[in-house]
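Only one structure is covered here, and it is reproduced in the block below.
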Amino acid sequence: MSVLQAYGMGWRRLWQNRPYWGLFFALNFGLALTTAASLTAFLGKNAAHSLSISDSLTASPYPFLSALTSQFASDLDFFQYQSVGVALVFFLLQIWLLGGWLNHLREEATGVARWGFWGGAARYFWRTFRLAAYFAVIQGALLWAFVKLGASIAKDFSILELWSEFDFLHALWWLLPLYLLFSVSISLWHDYAKIHTVYRDRAWLTRPVVESTRLCFKYFGRFFSLYALNLFTLAAVCAIYGMIANSIPAHSMAGIVLLFLWGQLLLLLRIGLKLANLAAADYLYRQVSDWNAAAPTTEGITQRYNDVFNPKAEAL
Amino acid sequence: MKAKKRISVLLAVACLLLATVGLATGQSSAPSPRIANYDVEVTLDVAEKMLRGRSQLHWRNTSTDTIRRMPFHLYYNAFKNSQSSLLREWYKLPPYFSQQLQYDGEWGWIDLLTVVDEGGRSLLDQHRYLQPDDQNTADRTVIEIDLAEALLPGDSLRLDFTWEARIPRSMLRSGYNKDFYFIAQWYPKIGVYESPGTRYAERGQWNCHQYHLKGEFYADHGIYNVAITVPQDYQVGATGIAVDEQVLGSSKVYRFRAEDVSDFAWTASPHLQVQEAQWADVRLRYLSYPDHAYMGERYFAVLKYCLQYFEDLLGPYPYPQLTIVEPPFHGLFAMAMEYPTLITVGSFGFLPRGIHTAETLAAHEFIHQYFMHLIASNETEEPWLDEGLTTYFEARMMDEYYAQQNSAVIDLLGVRVHQKDLNWNTYAHLGNPKIAENDRAAWEYPNGGYEYISYKKSGVWLWTLEGFIGRPSMDRVLKTYFQRWRFGHPCARDFIAIVNEVVREDHGDRLGENLNWYFDQVLHTTAACDYKVSYVGNFLNLPPMGKDVVVDSSAEAGSRYLSKVVIQRVEEMQLPVEIEFTFFDGHVERRQWDGRARSVNFFFSRDYGVRSAEIDPERKNYLDINYLNNSYTYVPDRVAVRYYVGRCMVWMQQVLQTVVALV
Ligand SMILES: [Zn+2]
């Protein structure tokens, strides 16, 4: 029951804090807009005066796209580099904002005000960054292990060795779900490590990681159920998006705007899902952990706050 | 059931006898000249990976020359050592090929043990290896044998061969892997004697090229009776039809007969399963491993369509059977090949129905039944005559086939691609469209040029030819070419002669005295084609002004706008160009240009300016390598730009949001 409660609570708290939802969306939108701006200039200069771009909306776009990508290959390289740069900036900003979101959730739920959203963002940036790096390495190692496993089943796709591609394809039936199970479990562990770090507020990450690992093992069923529920929501959202997006005719300005807005709605939901998932995890975390006993006391916090920001407070 | 089988064996034997009598008397009602005929007995030794064979060649001298020497292909010697021309041309072998040759010693070869004529004289004492193409003396793929007695015009001869061949492992087109065998180009095969006037021959001459990496076939048609002995549990598929099966101890003998074919290939494995279907008088036989049995109905459907298409357009498929072999993954070396009445196809597990590449491949290999098996052009010397025509038909037939189902060759997840566009893109963008002339011999194409030019460019200029002369004339060209050259050996000159003949009848002088100007450019040069609308301008038509203006009182009142459009020829090729001008009031005008100058200006004086200019509005000219600059609109299409920007932006946002799964 607490899983469903947590799921509902996640969305409720997201709705209560919708300005932050908007903030996350604005970040995504704004950064993507930078690539869109240069693409507009590129197409405006090189393709907008050709009837082939108009024809590509009503007939197969392949002749236009294949001609465009080959005639302007070097310009398209620029978009690639730009996209990688934008993704990197987005990655860092996202780490920064997520620290703020977690701290805000914590403060709101416990009633203990500390640094607020922006203060939390600054305070936890380095720690969430390191966590992201560690867990990226773990995810990478997992992927590498599964690719190796798949390749060994497929005998490196050697025409000499592999009997049938079905030997590999049939193995995917268990390989893929198993990989997803592990990968999702690591993401889940990562999320609770972040939450635990924020609640414990320790400079070193070793203990929060170890403690959150213990927590994840102990309450794996509940944590995973919540994750599965969120993943199912994501799959449903994407499926509905795909079905409707494919039926929107894009020949007119109205259709194009509708398609774009529909895409934005999907993004809004995806971003909301990520934030609601953290809010729900935060709720579940408080249900199962001794956060209250272990959390620094109000006096302790006030003391430390004064140490840092208001050294004269003691004299008052 | 037993009685039925006995009757069929008797019938087969009767057919055999009749055919032999026919052969001996040079029966004139046979569809092909039946020059090179073979009786072969071969045993597959699966333990040693050897073929042990005896073959009998019955050859007719249909020329007016006396024959004293005969060249034979010994194709398997291309895999004998690293010095063969084929392996030298394959300068960078894929690892799965080089590994087995270098480390596992899996070479393949063929050794002639005896060659004896009808008088019992051994001919092997007088032999030499020939290297007519590259003077690589280490190449052993062509052997020439002196006859003990000269063969006079109109006479026939019989030669008896015994030979053994080591089957290469997973090699080019032919070989074995695990217990899958695909045996092609495997027996001593005679070259083609070209009498004066045949193709480019001015004097009588043998045509027998070495075995190269690219280009495989050129042979005379004849009758093949082949007995194949394999282990008892092996299933065999082959050229022609099976006339008998006989179990002998632990072995099984399959007897096949093929009439009026130019080659014979076969496959054997204990895992092959057979599915059958019928189209008119033709039996379709699909051989695959059990895990690919599901592809059978997909191949049958498209091949029935192809059979009907060619029957309607060119003439009937003249054989009683078409065998389709889908090699297993470990037999992929045999995939995508064409042999008389037998084709090899290929697909990868769970191929979605929206991707029709397997069907396209099957159609491609089937088209070769007509272009280079029935019409036996020289693939080694003029590969475009079969690969180009096959590429032309592949796109034409597939786009029409899937258009009937309101689809495209790829129709998956909103992506739709037509075969014609796919082939055009490969020619125009993925390779170098100017890498080589289109008239080169197969082994003379440099760096991938064989695929880009002899397949794709030829396909592209054949559609363009169709664009210029129209579909009805094109169909007449193809039908005439087929009917005139069925079971013959045409060359490019013969094809061009038919085009000129038909175009003259259908179009008079409209396209010039003949179309040699077209073939000279597309076949014999590396020229590419690119026409460009480089400028569209509209100006207010102001009255004459300034000092000493001469006013022409008789001139009509000026229109509101003067418009100027500039068309440029960017590349070397010169083709007639049609340009469509659309004005802001919706008025449309078309103009012709001979396309020879580097640029041409078009002026208009109308009350409305030019909104757009488009070269080749019906896209008849597929040779144009830059499709983007074929048109220019005065007002840019911002709606389309916004569509693509919007799609890309949402896509970018999705990527960004996916990246943060790691945060
Ligand atoms: Zn081909």
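The values are calculated or read from the model by the stated rules, or taken from the named source; none is laboratory data. From a predicted model like this one, the values you see are computed outputs, not experimental measurements. For neighbour counting, all protein chains shown are included, and Cβ atoms are generated from backbone atoms with ideal geometry for every residue, glycine included. Areas reflect the complete protein model, heavy atoms only, side chains present, ligands, DNA and RNA absent. Shrake-Rupley method; radii C 1.70, N 1.55, O 1.52, S 1.80 Å.
Computed values, structure above
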quantity	calculated
Solvent-accessible area of residue B:525 with every protein chain in place, 1.4 Å probe, in Å² to the nearest 10	50 Å²
Chain B - percent relative contact order, Cα under 8 Å, separation 6 or more	10 percent
Cross-link partners of residue A:45 among aspartates and glutamates (Cα-Cα below 14 Å; sequence separation of 8 or more within a chain)	A:75, B:637
Between helix A:73-110 and chain A: long-axis angle, C-alpha atoms, 0 to 90°, nearest 10	30 degrees
Helix axis angle, A:220-247 relative to chain A longest principal axis, alpha carbon, degrees	30 degrees
Descending Cα extents along the principal axes, region B:334-439, whole Å	42, 35, 25
Those GluC sites (Glu not before Pro) in region B:573-663 that DSSP places in a loop and that have at most 15 other beta carbons within 10 Å	B:618
Protection proxy ranking of A:126-138, B:207-219, B:365-377 - average other beta-carbon atoms within 10 Å, highest first	B:365-377, B:207-219, A:126-138
Largest-first ellipsoid semi-axes for region B:569-627, taking √(5λ) over the Cα gyration tensor eigenvalues, angstrom	23, 13, 9
Cα-based reach from residue A:274 at 26 Å (exclusive), listing lysines while leaving out same-chain residues under 8 positions away	A:194, A:218
Value of Rg/Rh across chain A [Cα atoms, Kirkwood radius]	1.04
Rounded to 10°, Cα long-axis angle of helix B:2-24 versus longest principal axis of chain B	80 degrees
Net charge contributed by nearby residues that have their C-beta within less than 12 Å of residue B:329 (K/R +1, D/E -1)	-3
Karplus 3J(HN,Hα) series, Hz, for region B:205-222 with 6.51 cos²θ - 1.76 cosθ + 1.60 (x for Gly, Pro)	7, 7, 10, 8, 7, 5, 7, 10, 5, 10, x, 10, 10, 6, 7, 7, 7, x
For the protein assembly as shown, the fraction of alpha-carbon pairs in successive 10 Å shells from zero, as %	2, 9, 15, 17, 16, 13, 11, 8, 5, 2, 1, 0, 0
Counted charge near residue A:169, where neighbours are those whose Cβ lies closer than 14 Å (Asp, Glu -1; Lys, Arg +1)	-2
Cα centre as origin, Lys/Arg/Asp/Glu Cβ charges: the protein assembly as shown dipole, Debye	4260 debye
Mean shadow area of region B:26-270 over all directions, Cα convex hull, nm²	13.9 nm²
Average partner coverage of B:619-629, which counts Cβ from other chains inside 10 Å	4
Average other protein chain Cβ within 10 Å of Cβ, residues B:472-479	0
Exposure rank, largest accessible area first [A:34, B:162, B:360; 1.4 Å]	A:34, B:162, B:360
Selection from B:256, B:191, B:239, by position along the positive dipole direction of region B:168-269 (Cβ)	B:191
Most to least packed among B:243-254, B:621-632 [average Cβ atoms within 10 Å]	B:621-632, B:243-254
Peptide ranges B:285-292, B:384-391 listed from the most packed, as the mean C-beta count within 10 angstrom indicates	B:384-391, B:285-292
Residue A:222 - accessible surface, heavy atoms, 1.4 Å probe, Å² rounded to 10	100 Å²
Positive-end residue of B:356, B:318, B:172, charge dipole of chain B with Cβ unit charges	B:356
Debye log10 I(q)/I(0) at q = 0.12, 0.14 Å⁻¹ for region B:426-524, Cα point scatterers	-0.43, -0.58
For region B:531-636, projected area of the alpha-carbon convex hull averaged over all directions, nm²	8.3 nm²
Shielding by partners - mean other protein chain Cβ count within 10 Å, residues of A:257-268	3
Rule-of-thumb Rg ratio for region B:178-265 [Cα; 2.2 N^0.38 Å; N residues]	1.39
Chain B: projected area of the alpha-carbon convex hull, averaged over directions, in nm²	40.1 nm²
